[in-house]
Structure formats: C-alpha cells, structure tokens
Amino acid sequence: MLLIRCPWCGDRPEIEFRQCGEAGIARPADPMAVSDEDWVAFLYLRSNTRGRYHERWRHVHGCQRFFNAVRDTVTDRFEHTS
Amino acid sequence: MTRFSSLSLAREALRGHTGWDQQWRSPERPAAEYDVVIIGGGGHGLATAYYLAKEHGIRRVAVLDKGWIGGGNTGRNTTIIRSNYLFPESAALYDHAVKLWEGLSSELNYNVMFSPRGVMMLAHTVHDAQSVRRHVHANRLAGVDNEWLTAEQAQEYCPPLDISPDARYPVCGAALQRRGGTARHDAVAWGFARAASAMGVDIVQDCEVTGIDRDAAGAVSGVQTTRGAVRTRRVGVVAAGNTSPIMAMAGVRMPLESFPLQALVSEPVKPVFPCVVMSNTVHGYISQSDKGELVIGAGTDQYPSYSQTGGLYILQHAIEAICELFPLFRRMSMLRSWGGIVDVTPDRSPILGTTPVPGLFVNCGWGTGGFKATPGSGHLFAHSVARGEPHPVNAPFSLDRFTKGRLIDEAAAAAVAH
C-alpha cells in the first residue's frame, strides 16, 4: 500500500485516496465546437507514461479535496503532491 | 526439432533424456531485415508469429522481447479460458480463441495442458442472477455454450462451494460454461515459440526496442533495438502493459492505462477443486492447478503503474472473499503472489488491427483477461498484419472505434474489469 501525502492532511494510507487519472486533461469549453478527434483525445487518450507521471488524486475518505501529484510509475514513489 | 510422440519419449527415456535439442532457436541478435517484426514475446506475440508463418507463408519474422519469452503477463495470470462475454462481437472474438484452444496441443505438437473443466460465474444477489441469466441467453443466441445452474446444481458441480443461506455472500445460482477451463501458461509460450521457430521465425530475447523508424511518407521503415537496427515495413506491437510507451515511439497516443493486476497461489494440496469459479460481485476467482496449488486472482490496483507489484490489501480482499465462499480453504498457506501490468481500454475490450501509421499494427488492451484469447488473438492479428486489414472477427475491435463511438462496452456488461 502506498503512503500518500495529502497537501492538507499529511501522510495517509492509500486506501483513503482515489486515483483520478492523468493531470492536465482539460474539458473543452465548448464540446459542440470540437472535432471527434479532439473529443476522443479528451475522453480516452492518455499518456500512460512509464516513469515520471503527472496525475490527480482525491483524498476521498479524508478532506475530500483533489490534488496534483508527480509519481514514478516504475517505482510507485511520489516525487511530490500539491 | 524432434517431434514429440510416445516413440520419441520412449527413446529418450531409454537414453536418459540426453537427446533433446533446444526447443527453439534463440539468435544473439536480430538479422538486418525482416518482413514482419513483432514487438513482445508473450503468448500473443509468439502466436502471431506462428500463424504468420503457418497460415500466411510469412516466415521472415522476428519476435523481439526486452526480457524473456512468456515472462510478462503470459507468466503472470490465472490461466482462465472462457468465452461467455455479453456482446456478440466479444463472444465471437473469445470463442474464436476457445475453438483454437481445443485443438492447440496437437496443432503445436506441444502439450499446453488445456483443461476444459468448466468455468462457473456465481450470482449472489437478485441483480446478479438477472445479469448472469442475461449473459446466458446472449451467449446461447451467439452460439456460445453457457447454462444457468441453481445453487444446488452449482454445488453439485463444485462441492466445496458453500451455498448455505446464512453465508456472507449467499449463492443464488451460477452460470456454467463447460467448454471453459485452464491451460498451462508457460507451455503456451514455449509451444508457440517452438512451432514458430521450426518454421523460421527468429525469437530474440533480451532485445529491447528503443525506437520505431519511419520514412519520408510516415510509413514504418524499421526498428531500433538494444541489439542493433532492423529494417522492416511491418511492425506488430503486442506489448500488453508497455504498449503506450512503444506506440509513443511512433507518435501514436493510445486510449490505454496500465494497471497492476495481482494473483497468488497456495501451497499445493491434493485435488479438491474441480473447476474454475469466479465471482464478479465479491471479485475473486479461483481454480486449482495441476500441481495442486489454488490459483487465486484479485482485482486491479487503482493507480497506473509499471511496477509489476501492487498493494497487499488488494490480495487480502480477494482472499477474504474466497474464504467466505469456500470456508475449507481458511487455514491454507499462500506460497507466493505476483503482479502483471495490464493495459486497460475505456470499454474493457481489446484493440486489434491497424493504426494511423502505415505498416504499424497493434494488438493490445486485453486488460485483465488476455490469456484466454492467446491463440485467437495471434490468429486474427496475423491475418491483420499479413493482409493489411482486419479479419471480420476482429474488425469491430479497431482503434478508431473510439472516434466512431462504436464501443464494445464489456466494462458496463460485467461491472468489473475482467
């Protein structure tokens, strides 16, 4: 189990958190205006990086706040959370 | 290559087993040029190479693996084989594989120990029972065997099952696919490797692909590896959890996320468990290997990872469910656990076919259930690579289904990864 540092609550066990996918994927402001390809990119395409990965987590069984994290997906070690 | 037969076995028994040769050639480095390069030497990749050589006459094929063959998810699963998927496209895809499993040992002249001992999926709630029966009906319409059993019938088929009404997870019935079962994972990789190598396929291990070359028109022209460059016009990526990083070498972003999927085995015991039992609701699945170990599968971890390991609490959750269903296993010791890295698509159906890059083909997204498809996946992917277009069975599993909106949503059908 990972030990994850919530920026507001400190170090907590992984079971208090929910992984919320890759960071930096912004929903198009006007979905009707985007092409099918751009919509697919938003909905489905992910970097799925092997190595340093930017992702979102949520302290769902704690303060319930979202935060950003940088984690190495080979070692599962967190570089930082903010 | 010596053909296995009772005669050759008897001869070697008398000679003290000194006359067996290496079962497949393993060149130190790839040749300068191939007709097709397969990236990934797991069961799917080796099966692809085998069917390319056998059914399409393409024998100048290399299978490159960064580690050793069968060392990834082929050796890190629970070896369950079944085809009782909800949607007709999926049922056709997985049943294509089951039909090949049935004749595979004699086809490859290698005992893959396919054991159609039956796969039972339990229903614990009224909703489960409705959903499972819907699967049974859908399967029968699609020509796939599946039948509904009452709790008593389920226990008759699988005596260790606890069907008492006061159980923590009461069993109200089950679906049984009798043609489903298990096979020996290593033998599948070795059998395909041996048969492919005999037809001229080069299997190069410890050879990591570091780049995909493209010509001025954007088409594939070769691959760069840690053991030299290779020229080729066709590349098939069959790299499971590592598909995204490899496709990124060709500039293709994939609808995939890679998660750890764990499983574990117990100490070996005498035969006590006659079939495969799965429960989607409590999310555990169990069978007994021919060695006597109980093989227990868990769900995926929640975060993308390439670590080939996962959280212990995921395994605990699976074991708790198994012990509730089968109280007789409560005092057994677990020997070892492992994690594979599974590439999961948004609709939990695989991607099998062409890509926007000419000459680049991809076979991925099998998620938590790729082993069962091994021969079918290789057979269909070989067709796609050889002809440059998908076989009718894998045509619905194209990469562009996400753009077209024609998802095959087995995620919603099963409500779990599977």
Run the numbers on the range A:39-80: which residues show a drop of 20 Å² or more in accessible area, chain on its own versus all protein chains together, using a 1.4 Å probe over heavy atoms? A:Val40, A:Tyr44, A:Leu45, A:Arg46, A:Ser47, A:Asn48, A:Arg50, A:Tyr53, A:Arg71, A:Thr73, A:Val74, A:Asp76
In µm²/s, what is D for the range B:224-365 at 10 °C and 1.306 mPa s, where D = kT/(6 pi eta Rh) by Stokes-Einstein and Rh is the Kirkwood radius from Cα pairs? 92
Taking C-beta distances below 4.7 angstrom as the pairing criterion, name the unpartnered cysteines of the protein assembly as shown, in sequence order. A:Cys20, A:Cys63, B:Cys158, B:Cys172, B:Cys207, B:Cys275, B:Cys323, B:Cys364
Computing the accessible area with a 1.4 Å probe over protein heavy atoms, can you report the carbon and sulfur percentage for chain A? 49
Sorted peptide list for B:28-34, B:305-311, criterion being average Cβ within 10 angstrom, highest first: B:305-311, B:28-34
What's the center-to-center distance, using Cα atoms, between the range B:70-149 and the range A:17-82 in Å? 34
Summed for both chains, how many Å² of accessible area, to the nearest 100, are buried between B and A with a 1.4 Å probe? 2100
Placing +1 on each Lys and Arg Cβ and -1 on each Asp and Glu Cβ in the protein assembly as shown, then taking the dipole about the Cα centre, the residue among B:Leu46, B:Gly180, B:Met120 whose Cα reaches farthest towards the positive end is B:Leu46
Provide the FRET efficiency to the nearest 0.05 for the B:Glu147-B:Val126 pair, computing r from the beta carbons and using R0 = 25 Å. 0.80
Where is the GNM fluctuation largest for chain B (alpha-carbon springs, 10 angstrom cutoff): B:Gly340, B:Gly251, B:Gly353? B:Gly251
Which of the DSSP-defined H helices in chain B satisfy a minimum axial length of 15 Å, computed from C-alpha atoms, and a minimum mean Kyte-Doolittle hydropathy of -0.5? B:43-56, B:88-108, B:185-198, B:312-325, B:374-387
Hey, rough spin-label estimate for B:Lys404 and A:Arg5, points 7 angstrom out along Cα→Cβ, what's it come to in nanometres? 4.9
If DNA, RNA and ligands are ignored and the probe is 1.4 Å, what is the ranking of B:Tyr285, B:Tyr303 by accessible area, most exposed first? B:Tyr285, B:Tyr303
Other chains near A:7-18: what is the mean number of their Cβ atoms within 10 Å of each residue's Cβ? 1
Quick one: Cα centre-to-centre distance for the range B:1-63 and the range B:161-205, in angstrom? 22
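Express the relative contact order of the range B:324-418 as a whole percentage, based on alpha carbon pairs under 8 Å and six or more residues apart in sequence.
It comes to 32 percent, rounded to a whole number.
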Would you tell me the mean number of C-beta atoms belonging to other protein chains that fall within 10 Å of each C-beta in B:306-313, as a whole number? 4
Mind giving me the FRET efficiency for B:Asp21 and B:Arg331? R0 is 41 Å, r the Cβ-Cβ distance, nearest 0.05 is fine. 0.35
To the nearest 20 debye, what charge dipole does the range B:1-42 have about its Cα centre, counting +1 at the Cβ of each Lys and Arg and -1 at the Cβ of each Asp and Glu? 260
Ignoring ligands and nucleic acids, what accessible area does B:Lys99 show with a 1.4 Å probe (Å², nearest 10)? 130
If you place +1 on the Cβ of every Lys and Arg, -1 on the Cβ of every Asp and Glu, and leave all else neutral, what size is the dipole of the protein assembly as shown about its Cα centre, to the nearest 20 Debye? 600
Test of understanding: express the Cα radius of gyration of chain A as a ratio to 2.2 N^0.38 Å, with N the residue count. 1.24
Would you mind getting the accessible area per residue of the range B:153-308, heavy atoms of the protein chains only, 1.4 Å probe, in Å²? 34
Contour excess over end-to-end distance, with Cα ends at B:Ser106 and B:Arg178 and 0.36 nm allotted per residue: 23.8 nm
About the Cα centre of chain B, what is the dipole size in debye to 20, counting +1 per Lys and Arg Cβ and -1 per Asp and Glu Cβ, all else neutral? 720
Can you give the accessible area of A:Cys63, probe radius 1.4 Å, in Å² rounded to 10? 50
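The values are calculated or read from the model by the stated rules, or taken from the named source; none is laboratory data. Everything quoted here is computed from the prediction, not taken from an experiment. Note that each Cβ is placed from the backbone with ideal geometry, even for glycine, and that neighbours are counted across all protein chains shown. When the accessible area is computed, the model is the full protein with side chains, heavy atoms only, and any ligands, DNA or RNA have been set aside. Shrake-Rupley method; radii C 1.70, N 1.55, O 1.52, S 1.80 Å.
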